[in-house]
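Here the structure is laid out as structure tokens; the discussion comes afterwards.
We did not get these values from a lab; they are worked out from the coordinates using the rules stated. Predicted model, so just to flag it, every value in this text is computed and none were measured. Methodologically, a virtual Cβ is constructed for each residue, glycine included, from the backbone with ideal geometry; neighbour enumeration extends over all protein chains shown.
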There are 2 protein chains.
Amino acid sequence: MKLIDILDAVPIPVGYRLAFLTNFYREPLLRRMEREHGLMRPEWTVLICLTYRDGVAARDISEITEQPSNSVSRGVTALEGKGLITRSPDPDDARRSLLHLTDAGRALHDAIMADYVVAEAEMTASLTAAERATLLSLLDRMCRDVPRWQSLPPYDGARR
Amino acid sequence: MKLIDILDAVPIPVGYRLAFLTNFYREPLLRRMEREHGLMRPEWTVLICLTYRDGVAARDISEITEQPSNSVSRGVTALEGKGLITRSPDPDDARRSLLHLTDAGRALHDAIMADYVVAEAEMTASLTAAERATLLSLLDRMCRDVPRWQSLPPYDGARR
DNA sequence: GAATGATTGTTCCATATGGAGCGACTTTGC
DNA sequence: GCAAAGTCGCTCCATATGGAACAATCATTC
């Protein structure tokens with residue numbers, strides 16, 4: 001008896017499977033990262049964010065990722081202490097620090113992300129190339145549609 | 001600038017979108033549940049489990065959901081205190097207590113789950129019925145395939 | 001140019017949750 | 001029949017993380 005055995009009984013077939021896959025895909029990798037690289041989740045979030053938008057401030061990361069500013073602050077402090085990012089003062093605003101990846105930071109990001117790439121290949125191994133493309137297309141449409149419903153019931157007033 | 005804007009740059013298009021959708025689908029609903037119904041996540045897990053398998057013991061729920069036994073234990077204690085479940089001694093094993101939903105517990109489960117149903121309808125509103133069926137079929141295949149890869153690299157030794 | 005209000009980043013605090021260990025009970029093996 | 005090992009549920013402990021408040025800085029208004 002496992003979680004998968006109630007897959008068919010649940011009234012939210014899509015949502016349940018999304019959560020099911022996300023849990024088994026992401027959670028073990030996060031735990032391995034925490035254990036083997038000593039990186040906490042907010043740090044990982046900052047690292048990803050800087051990989052795609054270097055030179056932003058902590059506040060920007062907080063808005064982009066919709067995570068609490070104190071979590072981002074802790075992540076930034078920790079990453080700086082490990083030499084994975086650097087801060088430079090924002091010439092236009094003394095309150096802000098602009099964040100930059102170091103070579104070590106970029107290397108660690110790539111090393112961790114590599115596991116995710118391998119894992120995704122395994123997760124989708126049972127699909128043909130055409131099916132994978134179809135899945136990606138459907139998921140993408142749903143993602144783009146998130147802003148439409150994230151303020152509607154039952155989400156009205158449900159977000160932090 | 002939002003998370004969605006790096007959707008296309010990431011090397012794990014499927015995994016990223018799965019996590020993206022799961023976060024926006026589930027997290028706000030869990031927070032609303034915690035706030036409005038005073039139910040913690042382990043309690044919700046127990047409630048769901050008993051809805052589909054009534055009369056099991058805490059240990060069974062721990063194995064089914066792969067959650068720590070102390071979390072299940074806390075969830076059971078809390079739910080019992082709220083009158084949402086009852087314990088009956090297992091006649092065959094004095095260590096175990098068999099858990100049963102009360103009417104109030106079933107009613108609360110249904111009330112909370114109703115939000116998830118509405119939310120899933122919104123999340124998939126941009127798909128046609130045929131596309132929804134296709135998505136469900138592909139996700140289902142991936143779910144059934146989880147046991148194959150969850151012990152392979154990079155997951156070997158990554159799980160709790 | 002001073003004052004009031006917003007914004008950034010941080011620290012303090014509360015708490016949910018996972019890990020380790022511990023009694024109570026059961027099973028296994030002799 | 002008994003000792004040793006295993007199992008069930010729980011409590012103690014450590015900690016990651018979200019909320020609230022606060023100092024420093026900027027913007028806005030008069």
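Here are a few things to note about the model shown:
- Percentage, to the nearest whole number, of Cα pairs in chain B over 28 Å apart: 37
- Cβ-defined net charge surrounding A:Thr51, 13 Å radius [Lys, Arg +1; Asp, Glu -1]: -2
- Look at the stretch A:113-119: the mean tally of other chain Cβ atoms within 10 Å of its residues' Cβ atoms is 5.
- Efficiency of FRET between B:Lys82 and A:Asp103 - r from beta-carbon atoms, R0 56 angstrom, step 0.05: 0.55
- Counting, for every residue in A:104-110, the Cβ atoms of other protein chains within 10 Å of its Cβ and taking the mean gives 0.
- Assigned charges on the beta-carbon of Lys, Arg, Asp, Glu; the protein assembly as shown dipole about Cα centre (debye): 440
- Within chain B: Cβ-based charge dipole about Cα centre, in debye rounded to nearest 20 (Lys, Arg +1; Asp, Glu -1): 300
- Net charge, A:Ile6 excluded, C-beta distance under 15 Å - Lys, Arg +1, Asp, Glu -1: -3
- Long-range tail of P(r) for the range A:46-116 (Cα pairs > 18 Å, %): 34
- Using the rule -39500 (n - 2.57) for each DSSP H run of four or more residues, divided by the residues of the protein assembly as shown, the 222 nm mean residue ellipticity is -21000 deg cm²/dmol.
- Other residues within the sphere of radius under 13 Å centred on the Cβ of A:Ala19, judged by their own Cβ, net out at +1 (K and R +1, D and E -1).
- Convex hull volume per residue for the range A:15-79, taking Cα atoms only, in Å³: 98
- For the range A:69-106 and the range A:119-147, distance of Cα centres in Å: 33
- Pair A:Ile4, A:Arg144: separation of 7 Å Cα→Cβ label points (nm): 3.3
- The protein assembly as shown: mean projected area of Cα convex hull, nm²: 18.0
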